[in-house]
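Working notes, beginning with the structure itself.
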Amino acid sequence: MVSASPLQKLYNTCNEVFDSCSAGVIPSPDNIQKLKSVLDDFKPADVGLSPEMPHFRASVDGETPVIRYIYIHECEKFSIGIFCLPPSSAIPLHNHPGMTVFSKLLFGTMHIKSYDWVVDVPPSTSAVVSPPKSKQPVVQQPEARLAKVKVNSNFTAPCDTSILYPTDGGNMHCFTAVTACAFLDVLGPPYGSDSDGRHCQFYFDFPFSNFSVDGLSLPEGGKEGFAWLQERKKPEDLIVVGELYGDPTTVET
């Protein structure tokens, strides 16, 4: 009997792990570990990727880097895809409403910064104090919410699969490609629509000291471990081009 390909094994495992899950429902610890183990073994060759491909060429000076997303599978329960980031490209800070997300860095070095909401602090409508021009909110400013830094580090492949949860593990994160890099992404469930509140929301992040809230005492970690996040529109300079995985018969559903 021919053994299943790594992608087929990943699909089969996702189908099992997310079968009884929905938005906000986290798979069991055993299922989390089962899927993580499958992803931990993934290598670039398993999905036919290498840093020499055109997807990862550095952009010419002055040009906005183009990020590619390779669609492998998507259904109402989960999605599987690959982000291909050329050097210096970035996926801005965004959220994952009600999702459990597994990310496996296949090659390269990537900086990840992530946050979780501080749930016992009310939003602030205070003015932002001299934010950088690139982050200047336009017209009326939405409320800002306090968030705690979960991760702020470089990761170099090979490394373990990272996992985030609906309210923990760094549900809001941003990625910056230190070198050309690719990561395999599994979302359970995928993003929803604006009407159900499960769209992808982008954020500005501001240092804690940029807002003033009377009587606010910080939890452990000090000012450096916290930031104010403020909703923003999808950045105009974010270019993500989608494409289908090269062999549509790879995964049998």
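The values are calculated or read from the model by the stated rules, or taken from the named source; none is laboratory data. Every value quoted in this text rests on a predicted model; they were computed, and no experiment measured them. Cβ coordinates were reconstructed from backbone atoms using ideal geometry, including for glycine residues, and neighbour counts include every protein chain displayed. Ligands, DNA and RNA are excluded from the accessible area calculation, which covers all protein heavy atoms including side chains. Shrake-Rupley method; radii C 1.70, N 1.55, O 1.52, S 1.80 Å.
Applying the criterion of being over 22 Å from GLU16 (Cα atoms) and open to solvent by less than 60 Å² (accessible area, probe 1.4 Å) to the residues of segment 32-59, the residue that is modelled with the lowest pLDDT is SER59. For segment 206-253, a residue qualifies if it is open to solvent by less than 60 Å² (accessible area, probe 1.4 Å), modelled with pLDDT of 70 or more and closer than 21 Å to ASP185 by Cβ, and the qualifying residues are PRO235, LEU238, VAL241, GLY242, GLU243, TYR245.
Within the option set THR176, THR161, being at pLDDT 95 or above, closer than 11 Å to LEU105 by Cα and either β-branched (Val, Ile, Thr) or over 14 Å from the mean Cα position of the chain (by Cα) (or both) holds for one residue only, THR161.
The rows are residues; the columns are (1) outside any strand (DSSP E or B); (2) open to solvent by less than 10 Å² (accessible area, probe 1.4 Å); (3) touching a Gly at 6+ places or on another chain (Cβ under 9 Å).
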position	(1), (2), (3)
LYS148	no, no, yes
ASP160	yes, no, no
ILE163	no, no, yes
THR176	no, no, no
THR179	yes, no, yes
ALA182	no, yes, yes
VAL186	no, yes, yes
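Quick one: is LEU146 modelled with pLDDT under 95 and not β-branched (Val, Ile, Thr)? Considered against the rule, which asks whether it is modelled with pLDDT under 95 and not β-branched (Val, Ile, Thr), LEU146 comes out as yes.
Let's see how each residue does on (1) modelled with pLDDT of 95 or more; (2) of a type outside the set (S, T, N, Q); (3) open to solvent by 30 Å² or more (accessible area, probe 1.4 Å):
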site	(1), (2), (3)
LYS9	yes, yes, yes
GLY24	no, yes, yes
ASP30	yes, yes, yes
ASP61	no, yes, yes
ARG68	yes, yes, yes
LEU85	yes, yes, no
GLY108	yes, yes, no
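Does SER59 qualify as being part of a loop (DSSP other than H, G, I, E, B), among the hydroxyl-bearing types (Ser, Thr, Tyr) and under 20 Å from the mean Cα position of the chain (by Cα)? No: the conditions fail for SER59. Quick check on my filter: what residues within segment 12-22 are touching a residue at least 24 places away in the same chain (Cβ under 8 Å) and either over 22 Å from the mean Cα position of the chain (by Cα) or open to solvent by 20 Å² or more (accessible area, probe 1.4 Å) (or both)? Of everything in segment 12-22, those that are touching a residue at least 24 places away in the same chain (Cβ under 8 Å) and either over 22 Å from the mean Cα position of the chain (by Cα) or open to solvent by 20 Å² or more (accessible area, probe 1.4 Å) (or both) turn out to be ASN15, ASP19, SER22.
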